[in-house]
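Encoded as structure tokens, the structure appears first; notes follow it.
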Amino acid sequence: MLPEILDAQAGWMIGHRSAECKRLVWDIMPKLRQVFRTEGRVFFQASSGTGLLEAAVRNCVDKKALHCINGAFSQRWYEISQANGKACDSIEVPWGEAIKPEMVSEKLASGEYDTVAFTHNETSTGVTSPIKALAEAVRQGANGDEIVIMVDSVSGMAGARLETDDWDVDVVVSASQKAFALPAGLAFCSVSERAMKRAAGVPNRGYYFDFLELDRYFVKYQTPSTPAISLLFALDQQLDVILAEGYDQRMARHLAMRDRTISWAKSQGFSLFAEAGYESPTLTCVSNDPGIDVAGLNQYLKELGMTLSNGYGSQLKEKTFRIAHMGQLQMADLEALFAAIEGYMAGA
């Protein structure tokens, strides 16, 4: 995380109904639209990404949702729908695999679904599903023009390509702590006209995450409730950093870091957990084939000011580990990490 972005949070506090705060929101909104690749509305809220995943469910699922599950976080989104009393079904594939368009087309043929939920970048497995092709499958299916497509891109947005408008995606949720390279605590959500129209007819949307209430304030460059103003200062500056790099250049940097991570992992006797052809641009899930002590490795790395993530959940802990290559990380950062891991393995 860039020091100047951390420093931005120490800005003098302003009232959330002040002219200064309205100006801050006015500055942020067009930048967020550029990152989300949309000309439509993008909301932000003081919450984790999970908050706006729940918002998407509460606002967009009227009849029945189809959740596409290929890891821990896509499973969680399905459970969120269930917890909100929404009628929902699921498509499930083994962890490490991607959701394929033909699976979706077959399930949608019944015409019983009004909402489909995809996870763009499954953080638990390092798999990126083909959102463009999946969205096309939805639009070409039964009632395709009426279905609201919801996408969890918490660990994808700003690091893995997602063309919200061009791919005709309705709701895209992300959060500050992944490829945006910001402290945790902010969630973002693009919302199409189709999704807004759906929300207007869905009862019991709640209050804090009600899309209509959010929109009523955002058109005035305000938020319904007090925002995380310190984080907004940081967001404003970080969006400048992201846009200065250039969208295509940022996507290319993430892909280059992914490819280097893959080649390094294979050179050290590891294999990849992700299905070939669907490897994430923002994090690589490495299969722990040599059986190294991942917890021990992480303790060693922390003493050097580095860290990686153990496998997510009991089924992957110690069996895999995850290397993030997102946000403002550069190739030199990865090379330093790889050298440290090699040093640990040599001494183990």
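Read-outs throughout are calculated quantities, based only on the coordinates presented, and are distinct from any laboratory measurement. The model shown is predicted, which means the values in this text are computed figures rather than measured ones. Every residue, glycine as well, gets a Cβ built from its backbone with ideal geometry; the counts of neighbours run over all protein chains shown.
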**Complete:** Given backbone amide H placed at 1.01 Å from N, residues whose amide H is under 5 Å from that of CYS88, ignoring those fewer than 5 places away on the same chain, are ALA65
**Message:** How large is the convex hull of the C-alpha atoms of the chain per residue, in Å³?
**Reply:** 125
**Request:** Over all alpha-carbon pairs of the range 302-348, lay out the pair-distance distribution in 10 Å bins, whole %, shortest bin first.
**Result:** 22, 50, 26, 1
**Message:** For the range 275-343 and the range 164-242, what is the centre-to-centre distance using only Cα atoms, to the nearest Å?
**Reply:** 30
**Fill in**
Those trypsin sites (Lys or Arg not before Pro) from the range 17-103 that are DSSP loop and have at most 16 other Cβ neighbours within 10 Å turn out to be ARG17, LYS63, LYS64
**DSSP-loop trypsin sites (Lys or Arg not before Pro) across the range 193-231, with at most 11 other Cβ within 10 angstrom** = LYS220
**Asked** In what sequence do TYR208, TYR113 fall when counting other Cβ within 10 Å, fewest first?
**Response** TYR208, TYR113
**Asked** Using the Kyte-Doolittle scale, which helices in the chain average at least -1.0 and also have C-alpha atoms spread 15 Å or more along the helix axis, with helices defined as whole DSSP H runs?
**Response** 19-36, 49-60, 72-83, 229-245, 331-347
**Message:** Need one number: nm distance between label points at GLU20 and GLN268, each 7 Å from Cα along Cα→Cβ, rounded to one decimal.
**Reply:** 4.7
**Estimated D of the range 221-314 in µm² per second, where Rh is the Kirkwood radius over Cα pairs and Stokes-Einstein applies at 20 °C, 1.002 mPa s** = 129
**Label-point separation in nm, ASP165 to VAL241, each point 7 Å along Cα→Cβ** = 2.7
**Item:** Gained length - ASP333 relative to LYS302, 0.36 nm times residue gap less alpha-carbon distance
**Value:** 9.7 nm
**Item:** Theoretical gain in end-to-end length, GLU102 to GLU39 [0.36 nm per residue, Cα-Cα removed]
**Value:** 19.7 nm
**Asked** What FRET efficiency comes out for the pair THR226/GLU79, r = Cβ-Cβ distance, R0 = 22 Å, nearest 0.05?
**Response** 0.15
**Asked** Taking Cα pairs under 8 Å and at least six residues apart, what relative contact order does the range 247-347 come out at, in percent?
**Response** 28
**Asked** So how do VAL191, VAL93 line up by other beta-carbon neighbours within 10 Å, fewest first?
**Response** VAL93, VAL191
**Message:** Explain nothing, just the number: dipole magnitude of the range 220-348 about its Cα centre with +1 on each Lys and Arg Cβ and -1 on each Asp and Glu Cβ, in debye rounded to the nearest 20.
**Reply:** 240
**Request:** Rounding to the nearest 20 debye, state how big the charge dipole of the chain is about its Cα centre with +1 on each Lys and Arg Cβ and -1 on each Asp and Glu Cβ.
**Result:** 620
**Fill in**
Distance in nm between ALA346 and GLU318 label points, each 7 Å along Cα→Cβ, equals 2.7
**Linear extension gain, TYR207 paired with ASP259, 0.36 nm per residue minus alpha-carbon span** = 14.4 nm
**Message:** Take the residue pairs LYS31/LYS100; LYS31/LYS178; LYS178/LYS302; LYS63/LYS100; LYS63/LYS132; LYS31/LYS64 and return only those whose Cα atoms are more than 27 Å apart.
**Reply:** LYS31/LYS100; LYS31/LYS64
**Prompt:** Projected onto the charge dipole of the range 247-347 (+1 at Lys/Arg Cβ, -1 at Asp/Glu Cβ, origin at the Cα centre), which of MET257, PRO281, GLY343 gives the Cα projection farthest towards the positive end?
**Reply:** PRO281
